[in-house]
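Comments concern the structure below.
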Amino acid sequence: MITHYDIAILGAGLAGLSTLYHLGKAGHLAGKSVVLVDPEGRKEAHDRSWSFWEEGAGPFEELVYHRWQKVTLHNQTKNLNCEISPYEYKLIRSTEFYAHVNAYLDTSPNLERRTSLATEVQSDGEQVTFRLGEEQCSASLAFSSLPLHLRPRQIKQPYLDQHFRGWFVETEEDIFDPTTAALMDFRTPQHGESRFCYVMPFTPRRALVEVAIFSNEHLTTEGYDHILKEYMAAHWTSDYRIEHTEGGNIPMTTYPFPLRKGNLIYIGMRGGATRPSTGYTFYALQRQLTRLAQTFPDFNKLPPWPSRHIQYDATLLRILQDGKLNGAELFVDLFAGNPPERVLAFLNGETSIWQELQLMSTTNIPVFGSTFVRELF
Ligand SMILES: Cc1cc2nc3c(=O)[nH]c(=O)nc-3n(C[C@H](O)[C@H](O)[C@H](O)COP(=O)(O)OP(=O)(O)OC[C@H]3O[C@@H](n4cnc5c(N)ncnc54)[C@H](O)[C@@H]3O)c2cc1C
């Protein structure tokens, strides 16, 4: 016997929960049988913090844990202080996000939660079929954020992991400015890679300090901790204790993630919502799902990023992967040569061609130009 649902959401992380939230708020779940599947069950943990910048209020504004009006960037020769109006840099913790969305979904009488792996997910164009343990299930429509494990050497597109580890610290003295986040601080040994720390202060004594590395060689936990310890010692003058840690990996690639197969729609990282050159996902995903809820059940406006921007990112990632330029100069120079709001709009995929030409004119044109052309083919 096959258990049938109108809508299946495979994966109850950021993308799965956000999809249900946007569709539910727009009234698209009314009267529909919906199943939400995840082997981890109902998520509650502080397993990640989503930072992003946006103009005005977003769909989860009341969950914003902290916001910054200024950001800094640093490398060995430049220290930039940027007012980012009309943007604000925001951080939402997974704890509040999971609690908020799950509480909203609890009001939905037709939602069934299944703590299980979904396997053998297939679409024949009309129906999506999958297994939950021994049980065979089908759905008229399914959204999947099940990870796609890519191997960098098997794809032709550029690929770099962004691997990172962060500490939530509390210091003994007032040392942080809670209005200013250090977006990228490359004043840490680079070892031929792009390595930077970032600092997101919540109060004068509490901050998230994180190290991120763009490379395909990961470190041990001790390796990341060593970088953070050295960074703290070099730039912050107070003793501190670590309250909480987080870490992970974000694949950065312009691999053409399929958007759908029939009525199986791919969402989140699996659906290419991650910006290849930065790893930022949250903002573009919410923008995509807001649009999807407006056009549902028309799925013709699915792409999370404009195709032009994917081409720019192929260029940028290839330059970093081949070591033609280093991230410490490339990213800081982009902010040094442009108003910060132009760079931030660009990284959100929201610039005009004219603004993009202005940005390109501030880069190393021979390297960017030749790599751009090469990545077209
Ligand atoms: C630690 C960390 C910090 C990040 N910080 C930021 C940030 O600051 N800003 C930003 O924009 N992006 C950030 N990202 C990137 C991105 O926003 C997150 O990875 C985001 O969680 C991606 O959403 P997702 O739904 O695609 O994946 P996930 O949130 O990982 O959800 C996928 C879900 O699928 C489930 N699953 C896996 N296999 C199966 C299966 N077979 N059947 C059913 N369910 C399955 C998993 O249990 C998981 O719950 C961060 C990523 C990490 C790892």
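The numbers here are math on the coordinates, done by the rules we state, and not lab data. What you see is a predicted model; the values in this text were computed from it and never measured. Here the Cβ positions follow ideal geometry from the backbone for every residue, glycine too, while neighbour counts run over all protein chains shown.
Residue exposure proxy: Leu292, Leu150, Leu183, ordered by other Cβ atoms within 10 angstrom of their Cβ from fewest to most, comes out as Leu150, Leu292, Leu183. Shape summary of the range 56-120, radius of gyration then Dmax from alpha carbon positions: 19.0, 58 Å.
Each listed q (0.10, 0.15 Å⁻¹) maps to a log10 I(q)/I(0) for the range 234-370 from the Debye sum over equal C-alpha point scatterers, namely -0.43, -0.85.
Remark: relative contact order (the range 189-251) = 23 percent; criterion is Cα-Cα distance under 8 angstrom and separation of 6 or more residues. Using C-alpha pairs under 8 Å with a sequence gap of at least 6, the mean separation divided by the residue count of the chain gives a relative contact order of 18 percent. Non-local lysine pairs in the chain, meaning eight or more places apart or on different chains, with alpha-carbon distances under 29 Å, amount to 21. This ranking places Lys32, Lys156 by how few other beta-carbon atoms lie within 10 Å of each, fewest first, which gives Lys156, Lys32. Kirkwood radius for the range 172-223, taken over all pairs of different Cα atoms as the inverse mean of 1/r, rounds to 12.3 Å. Its alpha carbons give the chain an Rg and a Dmax of 21.3, 67 Å.
Rounded, prolate or oblate for the range 8-53? Axes are the square roots of the Cα gyration tensor eigenvalues, ordered a ≥ b ≥ c, and the cut-off for rounded is a/c under 1.5. It is oblate, given that a/c is not under 1.5 and a/b is not larger than b/c. Where the centroid of each part is defined by its Cα atoms, how far is the range 221-285 from the range 90-110 in Å? If we compute the Cα centre of each part, the gap is 21 Å.
FRET efficiency for the Asn79 to Glu243 pair, using the beta carbon distance and R₀ = 30 Å, is estimated at 0.60. Calculated mean residue ellipticity, 222 nm, the chain: -8500 deg cm²/dmol, from DSSP H runs (n ≥ 4) at -39500 (n - 2.57) each, averaged per residue and rounded to 500. Computed on the Cα trace of the range 307-376, the radius of gyration divided by the Kirkwood hydrodynamic radius gives Rg/Rh = 0.92. Measuring how big the range 10-125 is from its alpha-carbon positions, Rg and Dmax come out at 18.3, 60 Å. Top mean-square fluctuation among Gly11, Gly248, Gly56, Gaussian network model of the chain, C-alpha springs under 10 Å? In this elastic network of the chain, the residue with the biggest mean-square fluctuation among Gly11, Gly248, Gly56 is Gly56.
Among the trypsin sites (Lys or Arg not before Pro) within the range 253-345, those in coil by DSSP and having at most 13 neighbouring Cβ atoms inside 10 Å are Lys301. Counted over the chain, the DSSP beta bridges are approximately 70% antiparallel.
For the range 95-157, the square roots of the Cα gyration tensor eigenvalues, ordered a ≥ b ≥ c, give a/c of at least 1.5 with a/b no greater than b/c, which places it in the oblate category.
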